[in-house]
Amino acid sequence: MLDTDLLALIESFYDSVLDEQHWSRSLGQVLRYLDGTALAYLVANPRNAAIVQADSLQLDPEFTQRYVQHYASKDARLGPALAKPIGCVLTGEQLVGLREFERSELYADILRPADIPHMMMSWVDKSPTLYHSLVIEGTHRHGPFGVELQNRYRRLVPHLHRAVRLRGLLQQYRQAHRARMDIFESLPFGVALLRRSGEVIETTAILRRLLAAGTALRYTGGKIAALDPGSDLALQRLVHATLRPRRTGIAPGGAVPLKRRGEGPRLTVFACPLNCTELAFLSTQPAALLLVVDPTLYPSLRLPLIQSSLGLTKAEALIATYLFEGRTLRDTSMELRLSINTCKTQLKAIYAKTGCRTHVELAKCIMLSTLGRDSG
């Protein structure tokens, strides 16, 4: 015979994996299913038994705070429980003798006044750094938790364990994603994460401003495109090659320059593949990263920084900076009042020192070599 209450509870816990609002509701259903007076979901550090997280229902918040801050370390039931495996359901009477328990500071100071002397608990997850337990409390009138309720709890634990593990994985992903986006937002160029289809998952503020300006880039069909037809052809080829690399032995990715409407230097877009196989079950798994460099937004590059980063002379560093800002070699020669042949000779020396072969590769080399360094 199916236990319909258990099935509904299991469904609620798996719903809570994706929707955090379901978590408290699920705990409430557990409390009713196990016929308890109050509930505490505790996460402890196994090395020092310190409680690092405490969610409770039908408990005075002051009680929970006092237990976490002071009495958890004095709970004689916790020590014997630490060695028990996941799914082993235990009552307070099984963990510590009645006389010893009733003489304890924990019982005298908070459990007896709160009228919750009885409890039933199990570890629902264990890792080297965190132990998760679900504790059901009972009053004097309720009495000790019997065999039937312990059996109910045992049937529930495997599903609760899986739900907790899935919640933990998603929380780790969300935290890593937030940290990653915080890093991307601090960069001096635009960033976009792309799906395998080429559609945009997320963009940083700088890239959103570049798209809103409408001078070089635009959205179309959920993808990033260049306004200039020739630039867009090069951009889409780069994205396609990055997302669907051929087995040629050449690493996928690269860079392309993009023309801008009106005045201003060209943008440069860098693409590189991302390997996130550990998150392959997520529909928003990023497959590629786009970096969009606008020289007008990039922090002013000092010649000493370019020289020291790339090992160039002052004259070579000046030409490299002009090329990074989107100028052509002819424009550079005119602004510096040098012959085009002199600029070509110096550019050849720059390429030899940096291992670059094109203006785009040089821009990438400058960007990566100066990233995170003090350009002031």
- Restricting the stretch 284-306 to residues that are modelled with pLDDT of 80 or more and part of a loop (DSSP other than H, G, I, E, B), the residue that is nearest to the chain's Cα centre (by Cα): P286
- What about L18, is it farther than 17 Å from R152 by Cα, touching a Leu at 6+ places or on another chain (Cβ under 9 Å) and loosely packed, with under 12 Cβ neighbours inside 10 Å? yes
- When you go through (1) among the aliphatic types (A, V, I, L, M); (2) touching a strand residue (DSSP E or B) at 6+ places or on another chain (Cβ under 7 Å); (3) at pLDDT 85 or above one by one for L274, which number turns out not to apply? (3)
- Item | Test for R66: is it in the same structural domain as P158 (by TED's automatic domain parsing), within 22 Å of G138 (Cβ to Cβ) and either in contact (Cβ under 8 Å) with a residue 12 or more places away in the chain or touching a helix residue (DSSP H, G or I) at 6+ places or on another chain (Cβ under 9 Å) (or both) | yes
- Query: Looking only at the stretch 53-112, which residues are small (G, A, S) and more than 22 Å from V164 (Cβ to Cβ)?
  - Reply: S73, A76, G79, G92, G97, S104, A108
- Task: All but one of (1) under 33 Å from the mean Cα position of the chain (by Cα); (2) of a type outside the set (S, T, Y); (3) more than 21 Å from R112 (Cβ to Cβ) hold for D3, so report the exception by its number.
- Result: (1)
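Results for (1) of a type outside the set (S, T, N, Q); (2) at pLDDT 90 or above; (3) on the phi > 0 side of the Ramachandran plot; (4) part of a helix (DSSP H, G or I), shown as yes or no for each residue.
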{"residue": "S308", "(1), (2), (3), (4)": "no, no, no, yes"}
{"residue": "Y322", "(1), (2), (3), (4)": "yes, no, no, yes"}
{"residue": "K344", "(1), (2), (3), (4)": "yes, yes, no, yes"}
{"residue": "L347", "(1), (2), (3), (4)": "yes, yes, no, yes"}
{"residue": "I350", "(1), (2), (3), (4)": "yes, yes, no, yes"}
{"residue": "K353", "(1), (2), (3), (4)": "yes, yes, no, yes"}
{"residue": "C356", "(1), (2), (3), (4)": "yes, no, no, no"}
{"residue": "D374", "(1), (2), (3), (4)": "yes, no, no, no"}
- Which of the residues spanning the stretch 325-340 are at pLDDT 90 or above, polar (S, T, N, Q) and part of a helix (DSSP H, G or I)? S333
- Item | Qualifying positions in the stretch 69-91 - free of Cβ contacts under 8 Å to residues at least 24 places away in the same chain, more than 30 Å from the chain's Cα centre (by Cα) and exposed (fewer than 13 other Cβ atoms within 10 Å of the Cβ) | P80, A83
- Exception for T204 within (1) of a type in the set (S, T, N, Q); (2) under 26 Å from V17 (Cβ atoms); (3) within 21 Å of the chain's Cα centre (by Cα) falls at (2)
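The values are calculated or read from the model by the stated rules, or taken from the named source; none is laboratory data. Computed from a prediction, not measured in an experiment: that's the story for all the values here. Every residue, glycine as well, gets a Cβ built from its backbone with ideal geometry; the counts of neighbours run over all protein chains shown.
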